[in-house]
Amino acid sequence: MDRLPPTFPRQPTPLVGRHQELDELEARLAEPGCRLLTLVGPGGIGKTRLALEAARRVAPRFAQGLAFVAAQSIQTPQALGHALVDALGLPPTSHHDTPWQQLQEYLQHRQMLLVLDNMEHLAESGPALLDLLRHAPRLQLLVTAREPLHSQAEWRFPVHGLDYPPHDHTPRPETFSAVQLFVERARRMRWDFSLAREGADVVRICRLLEGNPLALELAAGWTHMLPCAAILAEIQRSLHFLSTTRQELPPRHRSMQALFDQSWRHLSPHLQAVLARLSVFPASFDFQAAQQVAHATPQHLAALVDKSLLAADGQGRCQLHLLVQQYAAEKLAAQPHAVREAQTAHARFYCQLLANHAAAMRGGDQPGATRAIAAERENVRHAWRWAAAQADVDVLDQAAVALSLFCQFQGRYQEGAEAFGQAIQALDNGPPSSQATRLLAELLTHQGWLLIRLGRLADAQAALTRSRTLLEDLDADLIRNRQADPLPALGVLALVQGKYGEARLLGLQARADSAARQDTGNLMFAWYVLCNAALGQGDLVTARRCAQEAFAIASQTGNQWFLAYCHNDLGQIAQATGDLAGARQHFQAGYALRQRFNDPQGMAVALTHLGQLALQSGDVAEARRCYHQSLELYQGLGDRGGLATALAGLGQVSVVAGDHPDAARLLHQALQEATALASTPLMLAVLLVVGQFQLQTGQPRQGRHLIAWAAHHPQSPLSTRAAAAALVGKDPPPAEAVAGKPPTSLVHTALADLAAATHPPAPTPTAPLEALTPRELEVLRLMAGGCTNAEIAARLGISLGTVKAHTHHIYGKLDVRSRTEAVMQARNRHLI
C-alpha cells in the first residue's frame, strides 16, 4: 500500500539504475544513529530523484508517514520553518514564538521522515534542524544539497553519476545505467533510435558526461535532430549545447549553463577566481599545483569540494568534471590576461616538475621518477604544448631531457615525436638567438631518437643531421653545455641501416667528444654504438670490451634503463660464442629491468632474444610463447623494426613446426614491415628465414640462394650470417651480395612466393553465435580490447582460472594458438 501523502511528489517515469545507492540509503536510514542524512552532489546529478525513491522505499517504517519540502525558493531558516509547518498540514497558532517551536511540539512523539530538497543555500538552518532532532527523538531528516549542511548530526552520502562503460569498446554497454537512461530518453524523441547503430557514440557521450543524468537527458533531447556523433562533437565544443525548452522542467534544469550559473552566484569573488583558474588543468592535480597555478589554499579546495564543483579522491588529488571545467574556462576566457597568466603558471609548474626529475631519469630512481611523471602525464602534455606555442626557450629547455627520457622509457614514441615537433616548429618561427639555436639542436636530437624508434629513418636522418649542423655553428661554451648529442643517435641510425663502418666512426667521434666534455651519459651511448658496430662486423672481442665499458658507466651512474641494453649486447655476445646459459641470464636480466619501468619496447626486445635462444636450444613451445608476447607488445608501439623481428621469429617457429601456410603468412608480414623500414639488416634476417621455409617446401635452389645472400652480405647482422653459414656450407656467395647491393629484387620475388604459398581460404561465412557461448564471446571481446586475463576476471566477476578455461575453449573452437590469432580469426568470422 502506498504510504506517501498526497502532497508527496510523484514521478512520471521509472528511476533508471541506482540499485546499489538505494540499498545503501535504505541501510543508512535503518541505523539508529543516522538522524540527518544529506545527499550531496552537483546539480543535475539526480539527488532529488534518488531521495524520493529512497523515501518511497522506507515509507512503511514511519508510523506517522513522510513530508516533503522543496527549499530552492526559501531564503531564511524562519521561512523554512513555515514551509515545514505547511507541509505537515499544521494550522497556524498564536501561542508559539516561532514555527520551529510549533514543529518541536508536534513532532516530539511522532515517527516521521522529512525530505528537505535543495538545501545548499540554507546551511544556517543547521542549528534549528539540530534542535528539532533533539526534541523529536523518532524523527529523521533526508536532505539533498550541493554542499553539506556542516551540522553536528549530519551523515553525508555523496551522489555520483550513473554507472557508464569504462572504455569505448566495453562489451554489453546496454547493461550500464547511463546508457539505459540515454537510450530511453532518445527513444522518446525518435522512436527508431538504435543503440546497435549508434552505440559507440552513445558510450562516448556517457563517458564524457560521466553519467550525469540531467546532462544525459539534455543530450538525448537532440537525437531527433542530430546523430550521436554530432551531439558528442557539440558537447565537446561548448557547454551551451546542453539545453532544452521543455516547460515541465524547472528553469534551473533547462540547461547545464543555468545550473552552473546558480552555483556560480553562490561563490565568493575569490572562490570564483580560483575555480576559473583551476580550469586550465586538463586532468587531476595536487594541492601544491593548485596553489601555484590557481592561488588556491586547501581551504579553498575544500570549499569547492563541499559545493560539489570539485572532486577529491582522498589521496591529495582533485579534478574538475569536464562540464564544470568548460563553464569555468568560459569565465576565465572573459579575462584574456588571466588566461595567459594561469596557462603560463601551469606550464612553468609542470615543466619544472619535469626538470626536478631529470637527474633521477638520467640515473637514480628512474622507475620512481617515471611513475611520478606518468601520474601527471596529461598536465605535462598540456604544459609542454603551451610552452611550445609561446616558444618559451627557458621553460622548454628545463623540461626537454626528462620528457624525452619519459617517452622512451614508456614507449610513447609517437607522442614524444609530435611534442618535440611542436616545439621545433615554434622555435623555427620565433625570434633567433644563440640560446634558441642550441635548444633547437637538442630538441632535434630528442626527436631524432624517437623517430628512429618509429622506423621513420629518413625523417630521423634529417632531424639529426640538422642538429649536428646547428651545433657546429655555435660557440664553444654553448656546445660544451648541451645536454643532447646527435652523434650517438646518428650512430644508431647507421647501425639500423647496416652501415657498420660509418657507425664505428660516429661512435669513435662521439666517444672522444663526450670524454672531453666529461659527459658520461653520451659517452655510455658512444660505447653502445661501438659495441654494436663491432658486433655487426663480427669482432666479438671488441664488442665485449665496448659492452663492458657501457655497462660500467651505466652501473656507476645508476642508469638501470640503459643497463638493459648492455645486458642485451652481452647476451648476444655470449650467444655467439656458444654460452647459451650466460646469454639467457643476460636477456632475462634485461627483461626484468625494463619490466620495472613498464617499458613495452624494452621487454619486447628481450623477449625476441629469448625466443631466438629458445629456438637455438630446440624449445619450440618456449620460442612461440616469447615471440607471441613480444608481438603483442610491439603491436601498440609503432616500432616497425620490432614488429618485423617478432613476426619473423613466429614465422621461423612455424617453419620448424612444419606449419607452412602459417609460416608463409607471418613471413610475408615480416618482410613487408622490414621493407617499409628500409633496413637492409632486417630484410636479410627475414630473407634467411624465408630461405629456410623454401628449403622445406620444395624450393631448394631459391632457398639456398636467399640463405647465401644472408651469409655473405656485409650488412647482414652477425647472428644472421652465422645462422646462414651453417645452412649453406660451401655454396658460392652471390656476387651482388658480396658487393653489398640491397636485396630489393629478392624481396619482391620472396613476397610474391610467400603470398602464393599462403593460399588464403575462401571467406568463411559468418559463424552462428552458438559456436561460442555468450560468456566466451564476452571474454573474446575483452581480449580484443587488450584486457589481460586478470582484467577480464575483474570485469566479469569470475576467477582467473575460469578465464583461462574460457580462453582454452575459444582457442579450440577457433583452431588457433594465441590471443592474437584468436582476435584475427574472430574478426575474419565477424564474431566481434
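Taking K and R as +1 and D and E as -1, what net charge do the other residues with C-beta under 12 Å from the C-beta of residue 186 add up to? Let's see the in-between values first.
Values: positive: 185, 187, 188, 190, 197; negative: 184, 192, 198, 201, 217.
Overall, the nearby charge balance is 0.
At 0.36 nm per residue, minus the direct Cα-Cα distance, what do residue 341 and residue 735 gain on full extension? Give it in nm, one decimal, please.
Details: separation 394, 0.36 × 394 = 141.84 nm, distance 6.75 nm.
Taking residue 341 through residue 735 to full extension adds about 135.1 nm, to one decimal.
What angle, in degrees between 0 and 90 and rounded to the nearest 10, separates the Cα long axis of helix 580-597 from the longest principal axis of the Cα atoms of the chain?
Relative to the chain, helix 580-597 is tipped by roughly 30 degrees.
Could you line up 524, 112, 783 from fewest to most neighbouring Cβ atoms inside 10 Å? Walk me through the numbers on the way to the answer.
Values: 524 26, 112 18, 783 22.
Exposure proxy ranking, most exposed first: 112, 783, 524.
If you project the alpha carbons of region 1-85 onto their three principal axes, what span does each projection cover, largest first, in Å?
36, 32, 30
Output the relative contact order of region 267-333, whole-number percent, from Cα pairs under 8 angstrom with separation of 6+ residues. Don't jump to the answer; show the numbers that get you there.
Working: 70 pairs, mean separation 27.5, N = 67.
Averaging sequence separation for qualifying contacts and normalising by length gives 41 percent for region 267-333.
With a point put 7 Å past each Cα toward its Cβ, work out how far residue 111 is from residue 802 in nm, to one decimal.
Those two pseudo-labels are separated by 4.1 nm.
Any idea how far the Cα center of region 1-39 sits from the one of region 252-310, in Å?
So the two Cα centres are separated by 30 Å.
Taking K and R as +1 and D and E as -1, what net charge do the other residues with C-beta under 15 Å from the C-beta of residue 592 add up to? Intermediate values should be presented prior to the final figure.
Working: positive: 584, 594, 596; negative: 599.
That sum, taken over residues with Cβ under 15 Å, equals +2.
If I fit a long axis through the Cα atoms of helix 19-29 and take the longest principal axis of the Cα atoms of the chain, what angle between them do I get, 0 to 90°, rounded to 10?
Compared with the principal axis, the helix lies near 50 degrees.
To the nearest 20 debye, what charge dipole does region 593-633 have about its Cα centre, counting +1 at the Cβ of each Lys and Arg and -1 at the Cβ of each Asp and Glu? Please list the in-between numbers first.
Working: 4 positive and 4 negative charges, 16 e Å.
Rounded to the nearest 20 debye, it is 80 debye.
Can you give me the Cα centroid spacing of region 327-369 and region 86-127 in angstrom?
Between the Cα centres of region 327-369 and region 86-127 lies a distance of 51 Å.
As an exercise, use a Förster radius of 22 Å and the Cβ-Cβ distance of residue 30 and residue 150 to find the FRET efficiency, rounded to the nearest 0.05.
On the way: r = 24 Å, r/R0 = 1.11.
Computed FRET efficiency for residue 30 and residue 150 comes out at 0.35.
Please give the charge dipole size of the chain, origin at the Cα centre, charges +1 on K and R Cβ atoms and -1 on D and E Cβ atoms. Round to the nearest 20 debye. Mind dumping the intermediate values first?
Details: 74 positive and 73 negative charges, 195 e Å.
For the chain, the charge dipole is close to 940 debye.
Would you mind pulling out the separation of the Cα centroids of region 553-624 and region 650-709, in Å?
Using only Cα atoms, the two centres lie 24 Å from each other.
What lysines could a cross-link reach from residue 331, if we take a straight Cα to Cα line under 18 Å and drop same-chain neighbours fewer than 8 places away?
The qualifying lysines are 307.
If you place +1 on the Cβ of every Lys and Arg, -1 on the Cβ of every Asp and Glu, and leave all else neutral, what size is the dipole of region 267-333 about its Cα centre, to the nearest 20 Debye? All intermediate terms of the calculation are to be shown ahead of the outcome.
Details: 4 positive and 4 negative charges, 21 e Å.
Using Cβ point charges on Lys, Arg, Asp and Glu, region 267-333 gives about 100 debye.
How would you rank 466-475, 434-443, highest first, on the average number of other Cβ atoms within 10 Å across their residues?
Per-residue mean Cβ counts within 10 Å order the peptides as 434-443, 466-475.
When we measure straight from the Cα of residue 741, which lysines land under 25 angstrom away, once same-chain ones fewer than 8 places off are left out?
Of all the lysines, those that pass the test against residue 741 - Cα under 25 Å, at least 8 places apart if same chain - are 499, 730.
Helix-only estimate, please: 222 nm mean residue ellipticity of the chain, summing -39500 (n - 2.57) across DSSP H runs of length 4 or more and dividing by its residues, to the nearest 500.
Values: 41 runs with 543 residues, N = 832.
Computed mean residue ellipticity for the chain: -21000 deg cm²/dmol.
Rank these for me by crowding, 346, 446, 628, going from fewest to most other beta carbons within 10 Å.
628, 346, 446
Please name whichever of 349, 276, 324 sits farthest to the positive end of the charge dipole of the chain, dipole taken about the Cα centre and charges placed at Cβ: Lys and Arg +1, Asp and Glu -1.
324
Using the beta-carbon distance between residue 552 and residue 240 and R0 = 60 Å, what value does 1/(1 + (r/R0)^6) give for FRET efficiency, to the nearest 0.05? Walk me through the numbers before you get to the answer.
Numbers: r = 63 Å, r/R0 = 1.05.
It comes to 0.45.
Rank these for me by crowding, 546, 626, going from fewest to most other beta carbons within 10 Å. Don't jump to the answer; show the numbers that get you there.
Numbers: 546 25, 626 28.
In increasing order of surrounding Cβ atoms, one gets 546, 626.
Of the labelled options (i) 118, 70, 48; (ii) 113, 74, 52; (iii) 149, 80, 62, which one gives Cα extents along the principal axes in Å as computed for this structure?
Label (i) holds the value from this structure.
List the aspartates and glutamates whose Cα lies under 17 Å from the Cα of residue 47, skipping any in the same chain that are fewer than 8 positions away.
Those aspartates and glutamates meeting the cut-off are 21, 23, 24, 26, 117, 120, 147, 154, 163, 210, 217, 306.
Would you mind checking region 721-746 for residues with the amide N under 20 Å from a putative spin-label position 7 Å along Cα→C-beta of residue 701?
Only 728-737, 745-746 pass the distance filter.
Percent relative contact order of the chain, based on C-alpha pairs within less than 8 angstrom and at least six residues apart?
On the way: 1275 pairs, mean separation 52.1, N = 832.
RCO, the chain: 6 percent.
Can you find, among 263, 431, 33, the residue sitting farthest towards the positive end of the charge dipole of the chain, where Lys and Arg contribute +1 and Asp and Glu -1 at Cβ?
33
Output the 0 to 90 degree angle, nearest 10, between the alpha-carbon long axis of helix 486-496 and the longest principal axis computed from the alpha carbons of the chain.
That helix lies at roughly 70 degrees to the long axis.
Considering only 638, 705, 166, whose Cα is most displaced toward the positive end of the charge dipole of the chain, charges sitting on Cβ of Lys, Arg (+1) and Asp, Glu (-1)?
After comparing all options, I get 705.
Readers should treat all values here as calculations from the given coordinates under stated rules, not as data from a laboratory. All figures in this text were calculated on a predicted structure; none of them were measured in a lab. For neighbour counting, all protein chains shown are included, and Cβ atoms are generated from backbone atoms with ideal geometry for every residue, glycine included.
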